[in-house]
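**Q** Provided herewith is a single structure, encoded as structure tokens, for subsequent inquiry.
Each reported figure results from applying straightforward, stated rules to the coordinates on display, with no laboratory input. For clarity, every value in this text was computed on a predicted model and none was experimentally measured. Using ideal geometry, Cβ is built from the backbone for each residue, glycine included, and neighbour counts are taken over all protein chains shown.
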Amino acid sequence: MRENRDKLAMSVEEAASWTGIGRNTLRDLISTGKIPVLHVGRKILIRTAALESFLQANDGRDLRCAAQLFPAEK
């Protein structure tokens, strides 16, 4: 999904589709503060740069074990 890479931010659903990470796993990572988000009304937006930073920092780690993960750089 090349078009999401050109966006500044994406919804949880778009981020899940783009990364292959499940929506619930992404929401867990957001609630533990590992991935910073923007709240626009009820919508949650994840900055593409923050998501890429998070993925690079945690390459090879199990994303379901939040205690072992590094947070994304803001």
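**Q** If I ask for residues that are within 14 Å of residue 71 (Cβ to Cβ) and touching a Phe, Trp or Tyr at 6+ places or on another chain (Cβ under 6 Å), which ones from the range 1-55 would you list?
**A** 35
**Q** A further question on this structure: Which of the residues belonging to the range 53-74 are free of Cβ contacts under 8 Å to residues at least 40 places away in the same chain, over 14 Å from residue 27 (Cα atoms) and over 11 Å from the mean Cα position of the chain (by Cα)?
**A** Of everything in the range 53-74, those that are free of Cβ contacts under 8 Å to residues at least 40 places away in the same chain, over 14 Å from residue 27 (Cα atoms) and over 11 Å from the mean Cα position of the chain (by Cα) turn out to be 56, 57, 58, 59, 60, 61, 62, 67, 68, 70, 73, 74.
**Q** A further question on this structure: Considering the range 37-56 alone, what residues qualify as being of a type in the set (Ser, Thr, Tyr) and in contact with a helix residue (DSSP H, G or I) (Cβ under 8 Å, 6 or more places away or on another chain)?
**A** Hit for the range 37-56 is 48, nothing else.
So that you can scan it fast, the table gives a plain yes or no per residue for (1) of a type in the set (Lys, Arg); (2) surrounded by fewer than 16 Cβ atoms within 10 Å (Cβ to Cβ); (3) in a loop (DSSP other than H, G, I, E, B):
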residue	(1), (2), (3)
17	no, yes, no
24	no, yes, no
30	no, no, no
35	no, no, yes
60	no, yes, yes
64	yes, yes, yes
67	no, yes, no
70	no, yes, yes
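**Q** Ok, one more. In the range 26-44, what residues are more than 9 Å from the chain's Cα centre (by Cα) and of a type outside the set (Gly, Ala, Ser)?
**A** Within the range 26-44, 28, 32, 38, 39, 40, 42, 43, 44 meet the criteria.
**Q** Here's another thing I want to ask about it. Would you be able to say whether some residue in the range 8-31 is in contact with a strand residue (DSSP E or B) (Cβ under 6 Å, 6 or more places away or on another chain) and closer than 14 Å to residue 73 by Cα?
**A** Yes, the conditions are met somewhere in the range 8-31.
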